[in-house]
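Let me begin by presenting the structure, written as structure tokens, before commenting on it.
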Amino acid sequence: MIKKTTFRQLASSRRLAKPGLADEASLTISSPMAFGRSIVRRLASVRPIDCPNRLNKPNLPTAEPWIRSLRDVAERLEADWIAVRRHLHRHPELSGDERATTQYLAAATERLDLPTRVIGEGRGLTVDFVSSAELAEANRIALRGDIDALPIEDHKAVDYRSTCPGVMHACGHDVHATIVLGAIQILTTMHAEDSLPWPIATRAIFQPAEEIAEGAQYMIQHHALRGVGAILALHVDPTRTVGCIGLRAGLLTAACDIFHVEIVGKGGHGARPHQCVDPIDACTSWVQTAYRRVGRVIDPIKTVVMSVGRIEAGHSANVIPDVAHLSGSLRSLDKSSRQTALDTLHSVGRSIADQTGCEVKLRLGMSAPAVNNDGGLIRLLSDSAVQAIGPAAPDPIAHPSMGSEDFSYYLDHVPGAMFRLGVAGPQVGHEPLHTPAFDVDERCLQVGATLLAAAVIKHFAPPPSQRAS
Ligand SMILES: [Zn+2]
Ligand SMILES: [Zn+2]
């Protein structure tokens, strides 16, 4: 069944790949025909994945006509999205440096004849699509896609591997950006074909600098949420098969605080520690004491985890240095536990300073609050997934992740929800996030864009009593 569906999709993709969003270069390097041959080779040895109903077209005899139109448009546009995603994957940019990515996405959305607003000094953009003048002043539902990459060397042996040494889309933000663009393209195409069931108003928010937890605040400061009533986002998930949509109402990710500790002593000869004030002794004591104390002051049924990820001190085996540095992360699920843990780090510093005579300076760096998903929007996503992808698509997430996401900053202003998009296929998409071999099964592009477009439409559904029969 997988094979049959994919061949049909490829056939329609070939017919309708142009004109579209993908740039000439992308299509030259990776034409839909070439992609077709490669996926046929890949599928030759495919074994069935564990949720076939989620990917193959489910029986939708009772589906509303707009759902069938949406799925049809998404199938036609899939080859475009693969080309866009591969272009972004080849040309990753680090957090704070996303100018070419912004220009590429701005050019793609301008080809859709939509008003595009590039943010600040050229990093990030917003794109509005309002299908009817009657919603000109209505609150939009925003779709957020982050666009930055990571300082990781791409080790994949594929023709779309990164062309930038030491920089890679290892967190799937190329996929997020493509899916948000794809959702907008579905909606504009449906509008042009007169198959939108009712008026809609949406905004794509292409956000830089998620990996350093600065981009969401930057976009908000530049009024990306002005006129927005709700916001949706996604993150790729290699632990779920493609076609699965991970959903959780309430807490999805933890709050994260990065801390830096500078310990200043007095260096000297390793043979005469009594003449020194040893910052390495203080540094190791700080780590041991902080790990122990945090575990004793937090309510056991609450979750807090801290990890020191970096220690730097000294240069020689027989010299006690002047200074030691350490840094790490502290993650928590509720505000009071977070504050207790941060207070504990301060008190541990005072205690170590008393014991060792070193000066201990604690500095808090980047932080992101917890993502708390709105229950109503999770229901919207779940209902949309059932209708547009298939009844088996929603996949409940049992526990929040202790990872973090700066999407949380938007949720201080408007209700929102983030879902996890399965990207694992039979042969690709299993490598963890933030690793050099990370990749996705690109069928996830169609799943993600379909779901976001369906959720936007359903968000504006009039009450059943007001719908035309
Ligand atoms: Zn990441
Ligand atoms: Zn990410």
Margin query: Any residue that is among the polar types (S, T, N, Q) and within 13 Å of ligand 1 (Cβ to nearest atom) - is there at least one of those in the stretch 172-181?
Written below: no
Next item on the list: Taking only the stretch 432-445 into account, find how many residues are in contact with a His (Cβ under 9 Å, 6 or more places away or on another chain) and either without any contact (Cβ under 8 Å) to a residue 12 or more places away in the chain or within 16 Å of ligand 2 (Cβ to nearest atom) (or both).
Entry: 5
Margin query: Of everything in the stretch 139-154, what is buried (at least 24 other Cβ atoms within 10 Å of the Cβ), more than 14 Å from ligand 2 (Cβ to nearest atom) and farther than 12 Å from Thr126 by Cβ? Give them in sequence order.
Written below: Ile141, Asp154
Margin query: Of all residues being of a type in the set (A, V, I, L, M) and under 26 Å from Val304 (Cα atoms) in the stretch 361-394, which is surrounded by the most Cβ atoms within 10 Å (Cβ to Cβ)? Just the residue, please.
Written below: Val371
Checklist line | Matching residues in the stretch 217-233 - criterion: being part of a loop (DSSP other than H, G, I, E, B) and touching a residue at least 40 places away in the same chain (Cβ under 8 Å) | finding: His222, Ala224, Leu225, Gly227
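Within the stretch 423-431, can one find any residue that is within 14 Å of the chain's Cα centre (by Cα), in contact (Cβ under 8 Å) with a residue 12 or more places away in the chain and crowded, with 24+ Cβ neighbours inside 10 Å?
Yes - at least one qualifying residue is present in the stretch 423-431.
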Margin query: Tell me yes or no: at least one residue of the stretch 216-223 is at pLDDT 95 or above, buried (at least 22 other Cβ atoms within 10 Å of the Cβ), under 28 Å from Gly172 (Cα atoms) and within 18 Å of the chain's Cα centre (by Cα).
Written below: yes
Notebook entry, point to check: Could you say whether any residue in the stretch 168-176 is more than 19 Å from Ile212 (Cβ to Cβ) and either at pLDDT 95 or above or assigned by TED's automatic domain parsing to the domain that holds Ala230 (or both)?
Noted result: yes
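Considering only residues that are surrounded by fewer than 14 Cβ atoms within 10 Å (Cβ to Cβ) and in contact (Cβ under 8 Å) with a residue 40 or more places away in the chain, which ones fall in the stretch 159-176?
Across the stretch 159-176, the qualifying residues are Asp159, Thr163.
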Next item on the list: Residues that are closer than 18 Å to Ile179 by Cα: find the strands (runs of 3 or more DSSP E) completely inside the stretch 84-146 holding 3 or more of those.
Entry: 125-130, 140-146
Item checked: Residue that is farthest from ligand 2 (Cβ to nearest atom), among those in the stretch 182-223 that are of a type in the set (Val, Ile, Thr) and under 16 Å from Arg117 (Cα atoms) -> Thr202
Next item on the list: Test Ile179 against the stated conditions and say whether it is within 14 Å of ligand 2 (Cβ to nearest atom) and either crowded, with 24+ Cβ neighbours inside 10 Å or not assigned by TED's automatic domain parsing to the domain that holds Pro396 (or both).
Entry: yes
Margin query: Step by step: first the residues of the stretch 200-216, then only those that are assigned to a strand (DSSP E or B) and in contact with a Gly (Cβ under 8 Å, 6 or more places away or on another chain), then the one that is nearest to Arg140 (Cα to Cα). Which residue is that?
Written below: Arg203
Item checked: Odd one out for Ala170, checked against (1) under 27 Å from His413 (Cα atoms); (2) within 16 Å of ligand 2 (Cβ to nearest atom); (3) part of a loop (DSSP other than H, G, I, E, B) -> (1)
Next item on the list: Please verify whether the stretch 116-129 includes one or more residues that are out of contact with any strand residue (DSSP E or B) (no Cβ under 8 Å at 6 or more places or on another chain) and within 14 Å of His87 (Cα to Cα).
Entry: no
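The values are calculated or read from the model by the stated rules, or taken from the named source; none is laboratory data. All values derive from a computational prediction rather than experimental measurement. In this analysis, Cβ positions are derived from the backbone assuming ideal geometry, glycine residues included, and neighbour counts consider all displayed protein chains.
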